[in-house]
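Read-outs throughout are calculated quantities, based only on the coordinates presented, and are distinct from any laboratory measurement. In this text the structure is predicted, and so the values were computed from the model without any measurement. Note that each Cβ is placed from the backbone with ideal geometry, even for glycine, and that neighbours are counted across all protein chains shown.
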Amino acid sequence: MPKHFISIWDLSSDEAHALLARALEMKRTRHRGTILDGKVAAMIFEKASTRTRMSFETAVYHLGGHPIFMTPRESQLGRSEPLKDTARVLSRYNDCLIMRTFGQEKLDVFMQYGSIPVINALTDEGHPCQVMSDMLTVYERTPDLRSLKIAWIGDGNNMANSWMEAALYFGFELALACPQGDEPCKTLMERAGKGGARIVLTRDPKEAARNADYVNTDVWASMGQEEEQKKREQAFAGYCVDAALMSLAKPDARFMHCLPAHRGEEVSEEVLEGPQSIVFDEAENRLHMQKAILEWVFS
């Protein structure tokens with residue numbers, strides 16, 4: 001059976017910790033490998049991307065493989081061919097599928113009908129590769145993850161969902177501040193809570209940011225929600241991570257954002273470009289974590 005990486009919970013807790021250590025080692029050694037020698041990775045992106053595409057393509061090359069990038073415009077995916085047919089065909093050409101799409105159910109179809117590993121490069125429900133990369137960014141600074149408080153300010157979106165998965169495995173306190181009606185997945189939160197995760201959901205960004213070691217946010221309107229922009233600007237008023245909000249966190253707290261950022265909306269220019277910001281370290285770490293994930297999938 002192929003190994004799939006659809007959510008952080010597809011790993012065991014030990015595997016999740018091992019991925020952090022392995023990705024950090026790969027970063028320190030500028031790792032190049034041959035585990036994908038002769039292998040082809042199909043990359044199907046229904047959502048545009050800069051960091052996800054570039055980091056995965058580079059990661060595949062660094063491990064000796066070859067990526068093939070497709071969008072619905074360039075394939076039958078945007079027409080009438082059933083996904084289950086595409087899954088079976090791609091499995092006969094390629095060695096793994098890296099997919100960035102909308103609904104999680106599309107990944108389910110590829111896993112059910114295909115015979116190659118499937119990696120979730122983003123869905124509306126989760127962004128596990130990004131959050132594992134963010135955990136690497138945290139881990140290389142503060143390895144004692146259980147001692148930390150991480151604040152999430154804003155939309156309870158796919159990122160927030162994957163942060164809840166990470167909270168269960170890595171043991172940090174996660175404080176989520178989300179407007180009413182924009183909370184993260186209730187089922188995931190309940191599952192994480194039953195497993196012992198320390199997760200607090202509040203409406204108050206100040207409460208979430210207070211004494212935090214890391215303050216994290218994302219855009220208010222994700223891809224596919226552009227028509228809701230004005231409505232969301234009203235709903236998220238007061239959720240901007242600015243200097244005043246950061247001042248409530250610990251003095252040495254760091255600011256995180258998966259990018260792209262909308263300066264003046266979810267984060268101020270002062271914070272994003274300031275000394276507490278580690279957003280470009282996060283972006284670099286996408287490459288190192290993707291390599292570790294690919295190695296895990298094929299090991």
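Would you mind calculating the relative contact order of the range 68-210 from Cα pairs under 8 angstrom and at least 6 residues apart, reporting the percent as a whole number? The partial results should precede the final answer.
Working: 226 pairs, mean separation 24.2, N = 143.
17 percent.
The mean of 1/r over all distinct Cα pairs in the range 142-277, once inverted, gives the Kirkwood hydrodynamic radius of 14.8 Å.
Sparse packing (at most 15 other Cβ atoms within 10 Å of the Cβ) combined with a DSSP loop state is found for the following chymotrypsin sites (Phe, Trp or Tyr not before Pro) in the range 91-130: F102.
Relative contact order of the chain, taken over Cα pairs closer than 8 Å and 6 or more residues apart, is 20 percent. In this structure, the amide hydrogen of I119, modeled 1.01 Å from its nitrogen in the peptide plane, lies closer than 5 angstrom to those of F5, L97, I98, M99, counting only residues at least 5 positions away or on a different chain.
Remark on L176: its backbone amide H falls under 5 Å from those of W152, V200, L201, T202, a criterion applied only to residues 5 or more positions apart or on other chains, H modelled at 1.01 Å from N.
Of the candidates T86, T29, T58, which one comes out as most mobile in a Gaussian network treatment of the chain with C-alpha springs shorter than 10 Å? Most flexible of the set in this elastic network: T29.
Using a ≥ b ≥ c from the Cα gyration tensor of the range 177-255 (square roots of the eigenvalues), is it rounded, prolate or oblate, where a/c under 1.5 gives rounded and otherwise the larger of a/b and b/c decides, a/b for prolate? In terms of gyration-tensor shape, oblate. Which one, F56, F255, F280, has the greatest fluctuation when you compute a Gaussian network model over the chain with C-alpha springs under 10 angstrom? So, out of F56, F255, F280, the one fluctuating most is F280.
Taken over the chain, the percentage of Cα pairs per 5 Å bin, counting from 0 up to the bin with the maximum distance, is 1, 5, 12, 16, 18, 17, 13, 9, 5, 2, 0, 0. Candidate membrane-span-like segments in the chain, meaning DSSP H helices with Cα atoms spread over at least 20 Å of their own axis and a Kyte-Doolittle mean of -1.0 or above, are 13-29, 279-298, with no membrane implied.
Using only Cα atoms, locate the centre of the range 7-36 and the centre of the range 218-291, then give the distance between them in Å, rounded to an integer. If you average the Cα positions of each part, the centres end up 26 Å apart. Considering helices alone, the calculated mean residue ellipticity of the chain at 222 nm is -12500 deg cm²/dmol, with DSSP H runs of length four and up weighted by -39500 (n - 2.57) and normalised per residue.
Just how far, in whole angstrom, is the range 57-96 from the range 140-212 if you go by their alpha carbon centroids? Their Cα centres are 34 Å away from one another.
Taking Cβ atoms as reference points and 14 Å as the exclusive limit, the residues near E207 contribute a net charge of +2, counting Lys and Arg as +1 and Asp and Glu as -1.
The overall shape of the range 149-193, judged from the alpha-carbon gyration tensor, is oblate: a/c is not under 1.5, and a/b is no greater than b/c. For the range 26-112, what class follows from the C-alpha gyration tensor (a ≥ b ≥ c being the square roots of its eigenvalues): rounded when a/c is under 1.5, otherwise prolate if a/b is larger than b/c, else oblate? Here the range 26-112 falls in the prolate category. Within the listed set E81, E25, E140, the Gaussian network model of the chain (springs between alpha-carbon atoms below 10 Å) gives the highest mean-square fluctuation for E81.
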